[in-house]
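Undergrad: Below is the structure I would like to discuss, written out as structure tokens.
The values are calculated or read from the model by the stated rules, or taken from the named source; none is laboratory data. Only a predicted model underlies this, so the values are computations on that prediction, with no experimental measurement involved. Here the Cβ positions follow ideal geometry from the backbone for every residue, glycine too, while neighbour counts run over all protein chains shown.
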């Protein structure tokens, strides 16, 4: 993946993005479901450990590059243990803005447009013939990955396009996780390996997000600020 990232005042900009790996539809469905399971909050009382074991039994169905990323995560998660992984999950995904698992955050931020963006995700999932199966909002990465895992044929291709349309946010998430040394970066890398190659527009959008962060609510602010109103945290 990115051997030589460049640090700017706004954060890390990779020299290269994750290169796609040739996968069949069935392999992409498998890796998407595995990533969805492992990116959910790591429950205790053996539930999370059972998930690790279940995913491990499926890795021989995946290309070695992708399976290797999952193995890295499984090894780190077992070394951490359930309690420590739960604490790491909260400190990473709930307390760092650039590690949000809600994809609409990267496009509209914490603005009043968020409701419309979430509705668009909900409608997009409905068009794929999927009902909401979890309590998570429809823009949560786990929900979108589950959509990729549960669809076939044209619906599957549409689900892949759905997540690929938010690839800039996924790349910001990956970069932030990598810079903190989080084991969760391996899961995002595996997901990216199963997606189309990053195009120029997505790369430019990613760089804009790194530099200025997601949009901020400006309603009621009269001053013309010469700088972004919500700078991303420098991780």
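Undergrad: Which condition from (1) within 24 Å of residue 23 (Cβ to Cβ); (2) at pLDDT below 90 is the one that residue 147 breaks?
TA: Of everything listed in (1) within 24 Å of residue 23 (Cβ to Cβ); (2) at pLDDT below 90, residue 147 misses just condition (2).
Undergrad: Within the group 115, 153, 124, which residue is out of contact with any strand residue (DSSP E or B) (no Cβ under 7 Å at 6 or more places or on another chain) and surrounded by 14 or more Cβ atoms within 10 Å (Cβ to Cβ)?
TA: From the options 115, 153, 124, the qualifying one is 124.
Undergrad: Which of (1) surrounded by fewer than 19 Cβ atoms within 10 Å (Cβ to Cβ); (2) under 14 Å from the mean Cα position of the chain (by Cα); (3) without any contact (Cβ under 8 Å) to a residue 24 or more places away in the chain is the odd one out, the single condition residue 138 does not satisfy?
TA: Failed condition: (1).
Undergrad: Can you find a residue in region 1-24 that is modelled with pLDDT of 80 or more, surrounded by fewer than 19 Cβ atoms within 10 Å (Cβ to Cβ) and part of a helix (DSSP H, G or I)?
TA: Within region 1-24, none of the residues are modelled with pLDDT of 80 or more, surrounded by fewer than 19 Cβ atoms within 10 Å (Cβ to Cβ) and part of a helix (DSSP H, G or I).
Undergrad: Further question on the same structure: Given (1) without any contact (Cβ under 8 Å) to a residue 24 or more places away in the chain; (2) closer than 19 Å to residue 162 by Cβ, where does residue 67 come up short, assuming only one miss?
TA: Of the numbered conditions (1) without any contact (Cβ under 8 Å) to a residue 24 or more places away in the chain; (2) closer than 19 Å to residue 162 by Cβ, the odd one out for residue 67 is (2).
Undergrad: Just to be sure, is residue 181 exposed (fewer than 13 other Cβ atoms within 10 Å of the Cβ), modelled with pLDDT under 90 and at positive phi?
TA: Values: exposed (fewer than 13 other Cβ atoms within 10 Å of the Cβ): yes; modelled with pLDDT under 90: no; at positive phi: yes.
For residue 181, the condition - exposed (fewer than 13 other Cβ atoms within 10 Å of the Cβ), modelled with pLDDT under 90 and at positive phi - is not met.
Undergrad: Sticking with this structure for a sec: Among the residues of region 141-154, write down those that are farther than 20 Å from residue 187 by Cβ and in a helix (DSSP H, G or I).
TA: 153, 154
Undergrad: Which residues, taken from region 33-51, are part of a helix (DSSP H, G or I) and crowded, with 16+ Cβ neighbours inside 10 Å?
TA: Residues of region 33-51 part of a helix (DSSP H, G or I): 33-39, 47-51.
Result: 33, 34, 35, 36, 37, 38, 39, 48, 49, 51.
Undergrad: How many of the residues in region 151-178 are under 15 Å from the mean Cα position of the chain (by Cα) and touching a residue at least 12 places away in the same chain (Cβ under 8 Å)?
TA: Total meeting the criteria: 18.
Undergrad: State yes or no: is residue 30 assigned to a helix (DSSP H, G or I), surrounded by 15 or more Cβ atoms within 10 Å (Cβ to Cβ), under 15 Å from the mean Cα position of the chain (by Cα) and at pLDDT 95 or above?
TA: For residue 30, the condition - assigned to a helix (DSSP H, G or I), surrounded by 15 or more Cβ atoms within 10 Å (Cβ to Cβ), under 15 Å from the mean Cα position of the chain (by Cα) and at pLDDT 95 or above - is not met.
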